[in-house]
1. If you check B:VAL233 against the conditions, is it within 20 Å of B:ASP41 (Cα to Cα) and in a strand (DSSP E or B)?
2. Does A:ALA216 count as more than 14 Å from chain B (Cβ to nearest Cβ), under 23 Å from the mean Cα position of the chain (by Cα) and either part of a helix (DSSP H, G or I) or surrounded by fewer than 16 Cβ atoms within 10 Å (Cβ to Cβ) (or both)?
3. Quickly run through the stretch A:192-213 and pick out the residues that are exposed (fewer than 12 other Cβ atoms within 10 Å of the Cβ), within 14 Å of A:GLY182 (Cα to Cα) and aromatic (Phe, Trp, Tyr).
4. Tally time: how many residues in the stretch A:58-79 are in contact with a helix residue (DSSP H, G or I) (Cβ under 8 Å, 6 or more places away or on another chain) and at pLDDT 80 or above?
5. Among the residues of the stretch A:14-61, which ones are charged (D, E, K, R) and within 14 Å of chain B (Cβ to nearest Cβ)?
6. Would you confirm whether or not the stretch A:272-281 contains a residue that is in a helix (DSSP H, G or I) and in contact with a Lys or Arg (Cβ under 6 Å, 6 or more places away or on another chain)?
7. Could you please find all residues in the stretch B:172-191 being closer than 18 Å to A:TYR260 by Cα and within 11 Å of chain A (Cβ to nearest Cβ)?
8. Give the residue, chosen from A:VAL269, A:VAL248, that is touching a helix residue (DSSP H, G or I) at 6+ places or on another chain (Cβ under 6 Å), buried (at least 17 other Cβ atoms within 10 Å of the Cβ) and within 14 Å of chain B (Cβ to nearest Cβ).
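The values are calculated or read from the model by the stated rules, or taken from the named source; none is laboratory data. Note that the structure is predicted; figures quoted are calculated from it, not measured. When we count neighbours, we look across all protein chains shown, and the Cβ atoms used for this are built from the backbone with ideal geometry, even at glycine.
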Amino acid sequence: MTALATSMAPAGMLSQRQLIWRRFCRHRVALASLWFIGILYVVVLLAEIFAPYDPFARNPTGLLSPPTAVHIFDDDWQLHRPFVYGRKVELDRQTFQRHFVEDRSQRYPIRFMIRGAPYDLLGIVPLDIHAFGVDAPGAIFIAGTDSLGRDLFSRMLFGARTSLFVGLLGLGIGFVLGLIFGGLSGYYGGAIDTLIQRFTEFLQSLPTLPLWMALAALVPKEWTPTQVYFGISSVLAIIGWTGLARVVRGKLLSLREEDYVMAAKVNGVSEWAIITRHLLPGFASYLIVHLTLAVPQMILGEVSLSFLGLGLRPPAVSLGTLLLDAQNIQTVTLSPWLLYPGAFVILIVVAFNFLGDGLRDAVDPYRQS
Amino acid sequence: MSETELPVLSVRALQKHFPVERGIIRRTVGAVKAVDDVSFDIAPGEILALVGESGSGKTTLGRCIVRAIDPTGGEATLTRRDGTSVDLVRTPQRGLRSIRSDMNMIFQDPFSSLSPRMPVIDIIGEPLRAQGIARREIHARVREMAALVGLNLDYLTRYPNAFSGGQRQRICIARALITNPRFIVADEPVSALDVSIQAQILNLLQDMRERLNLSYLFITHDLSVVEHMADRVAVMYIGRIVELAPKSRLYATPRHPYTEALLSAVLRPDPEARDQPILLTGESASPAAPPQGCHFHPRCRYAQDICRTVAPQLTEVAPGHASACHLSKELALRGVGTA
């Protein structure tokens, strides 16, 4: 159908898709967010390459090491390619706290595509190439290390992988549930509608956090991290579908009454074709926007559950479990870099929100631009 | 329009009752008789105008006939182009699909009756697509039909929002006519348009009738449009036809007080005209609780005792002229001089 139209479009006329893309590109922040999110997903998928260290490798001499400074000038103001200094530990005689200071006698240039700890890329390809790093015994911790001396930057990449995909998985399950329940409710109406709506209201009226906690408590302790991961996604989805179901129902109810739906019926168009060709395109754009805006909620859900110790548990790495380390006042005052995962979460959520915002404006054909 | 030819559409005792529901358990407490015992015929090539005020059931009647909604009872027999007859009321929706090429509907609002996310070429071709016709042939016939209704063929790949109201109504007409139907329900096709565009669309509909040998059920509340278009006129009041007559007869010698009141409200471009319109008092009664006897009696200035108790039947008062009024033989009602 659309192919027919496209094949007929004379040269110099823009298709609907091109128009949407044009309007989207005009929203600079949204475009930047799209790039950020796109690159982020690539980076976390290939986290083994982009992380300089194994996320579980301990560094006994570098517990709670602050972020390593990257220099390009040495003490004599000589220009070099980016490098880091060695580290040494000093004890403060008055507070008896250990401090890391730079050992200015040693310089380690940052190398790209360096050989390091071996790993299996995507679980299959054995490799030992890392995107960047320094030669041993030097070390580069661009976000510092945690209390066990593990590189926080590497852990953030692996944690973001978990969190970003828990979001997608939870969203996928919630999306299917929402479409089915909302669709049934809106298309058939009547008693089915009443039943589903009351059930939705019931779910929505339960306070989110206790419900999450109760459901998370159902996840057996002996499950492997992967199973827990699916469990948590499902928990998020079971609560997350209600909003979407409402939207789908409302849209179907209003679109069902439109004259063009009646026209299609009078023209003998089948019910299935009415739903897929007339009703769905009317709010497909709305669904995309809803999905984009729902991803950060899922991510936040995972982060809050894990932060409270109800979701994923260490040793599983997610942005939420990373923040577990930042729960006490000591960390915040002495090792503020442990809060970086929190800043990362904010960045991701804001980017998704801007993306959704830009999409919403772009897909509205009646908006003059 | 010979007497022996079968009517295109023959409607008998058609009813549409909407249940009125109350409370949480949706108990049915009554019915809105939107269409109540309506009968009429439409001859091949004829335009029957259906007039009446808002809420009189005109649109519901039109929708029942094309089965956009399912009537409660009665019969509506359509004679197809191949000479066979089908009862539109009894055929299930699935069986109607092939019959739908013989009838179609034009909607009042050209803005809401076109899918906003579909290019015009697909909108016009949709009835053919639903009949399972090959894409290549649809394409050719859409271009032919679009040219016939006066659309610019270069713009067929655009979406409806690129078109003005008049052009959109042309698109609706092209969609309705593409399967070469015999019968069209035109539900107030010009009332959403500018007056300057109305004439164009009306002329287009007339033109199409002559070229394609169409019959119309032309629903409207605009009596000047009726004067321009109709062969016969049916007047509807609260779900019932109260008067049915050829246009010139109805305008000159109405036999129902409601028709008289409607006609007196038509403005005539004559500065000498001094006739006062007959102002009806009160509101049109609710079809959920119509008055006893004649539905019109609370507003009728001629009402007698019998009108309050006995419902009048639609009876022939002159050849081809039927009226549902106990007093139609006695009253001398005021018409308007037809041009």
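1. Yes: the conditions hold for B:VAL233.
2. So A:ALA216 passes the test.
3. Residues satisfying the conditions do not exist here.
4. Qualifying residue count for the region: 2.
5. A:ARG17, the sole residue that qualifies.
6. Checked against the condition, which is being in a helix (DSSP H, G or I) and in contact with a Lys or Arg (Cβ under 6 Å, 6 or more places away or on another chain), the stretch A:272-281 yields at least one hit.
7. If the condition is that a residue be closer than 18 Å to A:TYR260 by Cα and within 11 Å of chain A (Cβ to nearest Cβ), then B:CYS172, B:ARG175, B:ALA176, B:ILE178, B:THR179, B:ILE184, B:VAL185, B:ASP187 are the ones that fit.
8. Sole residue among the options that is touching a helix residue (DSSP H, G or I) at 6+ places or on another chain (Cβ under 6 Å), buried (at least 17 other Cβ atoms within 10 Å of the Cβ) and within 14 Å of chain B (Cβ to nearest Cβ): A:VAL269.
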